[in-house]
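Comments concern the structure below.
Nothing in this text is a laboratory measurement; each read-out follows from the coordinates by a stated rule. Quick caveat: nothing in here was measured; it's all calculated off a predicted structure. As a convention, Cβ positions derive from the backbone with ideal geometry for all residues, glycine included, and neighbour counts pool all protein chains shown.
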Amino acid sequence: MKTVAYLGPKGSFTEVAAKALLPNETHIPFRSIPDCMDAVNEDAVDRAIVPLENAIEGSVNITLDYLIHHQRMEMAAEVTAPIFQNLMTNKKHADDWKEIDAVYSHPQAIAQCHQFLRNYIPNAEIRYTNSTAEAAKFVSESEEKIAALANETSASEYGLAIVKSKVNDYKNNSTRFIALQKGSLNKSFEQMDGVSLYKTTIMVTLPLDYTGALHQVLSAFAWRKINLSKIESRPMKTGLGNYFFIIDIDMKKDEVLIPGVQEELKALGCKVEVLGSYPCFQWEALCALQNK
């Protein structure tokens with residue numbers, strides 16, 4: 001049986017996504033996103049499921065940066081999951097939750113609930129953890145008057161009381177999770193039910209001395225009528241003003257259009273790397289398949 005690393009501990013949003021996408025594989029929790037990727041590189045697991053982007057707070061920078069600068073591997077599949085944050089405490093503090101001293105959670109979860117925290121418990125200290133599930137686990141093991149922001153699965157896993165449900169500031173909260181693995185795309189994903197569309201993700205590094213290079217890059221897609229769902233700059237970590245671009249293309253890598261873009265960009269002096277061409281799965285379709 002194949003193994004899948006996920007950002008743990010048990011009960012995390014990432015575990016829920018991993019079980020939805022790969023329900024028949026063995027799921028192994030790791031403490032951090034880099035640890036998940038390292039496990040794939042060291043052949044300790046076959047794949048890793050990690051968060052890539054949140055609808056409210058944007059990209060998970062540690063995922064992108066570690067993938068680009070440290071552990072390059074293939075993006076093999078994507079699933080977008082709905083995210084609902086809940087405030088939870090030990091049951092003995094459930095009635096006086098507005099008097100808690102601190103709230104623990106992942107930085108993105110804290111940011112997703114900024115207005116709620118400000119309006120309801122403005123005096124509580126904010127403390128960050130590697131994952132929402134780690135926050136829930138910590139709160140369950142503590143005698144202090146503290147709370148966690150996490151999902152319902154974490155509350156059940158660690159015996160916590162949800163004192164306020166769905167506290168994220170925006171209702172349409174969701175996170176893209178990506179499956180990473182060594183080597184080329186695993187065709188088994190393409191044979192699964194629930195695929196809604198395909199994406200190809202590329203990394204483009206612009207020449208430093210080419211005026212209007214970004215405009216030329218976008219033109220290479222535009223005249224071919226290729227739709228881009230996302231373009232994002234990230235620092236190259238070589239000095240201020242030096243960036244590379246991550247571009248999501250709304251199509252599967254073919255033999256004509258995307259290779260044509262690559263050649264055109266290379267002719268402009270750009271460096272182009274394909275990070276993956278992969279199926280994207282609908283959350284509702286995956287859940288329906290598991291309920292059959």
From the phi angles alone, apply the Karplus equation (6.51, -1.76, 1.60; θ = phi - 60°) to region 20-34 and give each ³J(HN,Hα) in whole Hz, x where the residue is Gly or Pro.
6, 7, 10, x, 9, 9, 7, 9, 10, x, 10, 6, 9, 5, x
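Roughly how many debye, to the nearest 20, is the charge dipole of region 72-224 about its Cα centre, given +1 on each Lys and Arg Cβ, -1 on each Asp and Glu Cβ, and no other charges?
Numbers: 16 positive and 17 negative charges, 90 e Å.
In debye, rounded to 20, region 72-224 gives about 440.
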Lysines within cross-link reach of residue 253: Cα-Cα under 19 Å, excluding same-chain residues under 8 positions apart?
182, 187, 199, 225, 230, 266, 271
For region 96-160 and region 221-271, compute the distance between their C-alpha centroids and round to whole Å.
39 Å
Loop-resident sites, region 31-73, for GluC sites (Glu not before Pro), counting at most 15 other Cβ within 10 Å (DSSP):
42
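Work out the length of the dipole vector of the chain about its Cα centre, built from +1 on the beta-carbon of each Lys and Arg and -1 on the beta-carbon of each Asp and Glu, and round it to the nearest 20 debye.
Values: 30 positive and 36 negative charges, 77 e Å.
Result for the chain is approximately 380 debye, rounded to the nearest 20.
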Counting only residues 5 or more places away or on other chains, whose amide H sits under 5 Å from the amide H of residue 167 once H atoms are built in the peptide plane?
85, 86, 87
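Would you mind working out the magnitude of the charge dipole of region 75-134 relative to its Cα centre, with +1 at each Lys and Arg C-beta and -1 at each Asp and Glu C-beta, to the nearest 20 Debye?
On the way: 5 positive and 7 negative charges, 13 e Å.
For region 75-134, the charge dipole is close to 60 debye.
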Across region 158-165, in residue order, what do the Karplus-derived ³J(HN,Hα) couplings come to in whole Hz, using 6.51 cos²θ - 1.76 cosθ + 1.60 with θ = phi - 60° and x for Gly and Pro?
10, x, 9, 9, 7, 9, 8, 9
Near the amide H of residue 174, under 5 Å away, which other amide H atoms are found, from residues 5 or more places off or on another chain, if H is placed in the peptide plane?
55, 56, 83
Which whole-Hz ³J(HN,Hα) couplings does region 168-176 yield from phi under the Karplus relation 6.51 cos²θ - 1.76 cosθ + 1.60, θ = phi - 60°, glycine and proline marked x?
5, 5, 10, 5, 7, 9, 8, 9, 7
Under 19 Å from the Cα of residue 91, which lysines turn up, not counting those fewer than eight places away in the same chain?
137, 145, 164, 166
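In region 122-181, which chymotrypsin sites (Phe, Trp or Tyr not before Pro) are in a loop and have at most 14 other Cβ atoms within 10 Å, using DSSP for the loop call? Please list the in-between numbers first.
Numbers: sites: 128, 138, 158, 170, 177; in loops: 170.
Of the chymotrypsin sites (Phe, Trp or Tyr not before Pro), the ones in loops of region 122-181 whose Cβ has at most 14 other Cβ atoms within 10 Å are 170.
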Work from the charge dipole of region 1-135 (Cβ charges, +1 for Lys and Arg, -1 for Asp and Glu, about the Cα centre) and give the residue of 13, 94, 29 farthest towards its positive end.
94
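Given the DSSP H assignment, sum -39500 (n - 2.57) over each helix run of at least 4 residues in the chain and divide by its residue total; what's the result at 222 nm in deg cm²/dmol, nearest 500?
Rounded to the nearest 500, the figure is -8000 deg cm²/dmol.
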In a GNM of the chain with a 10 Å cut-off on Cα contacts, which of 196, 32, 140 has the highest mean-square fluctuation?
196
DSSP loop trypsin sites (Lys or Arg not before Pro) in region 99-193 with at most 10 other Cβ atoms within 10 Å of their Cβ, which ones?
171
So which aspartates and glutamates can residue 171 reach, going by Cα to Cα under 18 Å and dropping same-chain residues fewer than 8 places off?
53, 57, 152, 284
Taking amide H positions as placed 1.01 Å from N in the peptide plane, with prolines and chain starts having none, which residues 5 or more places from residue 244, or on another chain, fall under 5 Å of its amide H?
234, 236
Residue with peak Gaussian network fluctuation, the chain [Cα springs, cutoff 10 Å], from 151, 123, 90
123
With the chain treated as a Gaussian network of Cα nodes joined by springs under 10 Å, which of 21, 117, 257 yields the largest mean-square fluctuation?
257
Everything considered on the Cα gyration tensor (a ≥ b ≥ c; rounded for a/c under 1.5, else prolate if a/b is larger than b/c, else oblate), the chain must be described as prolate
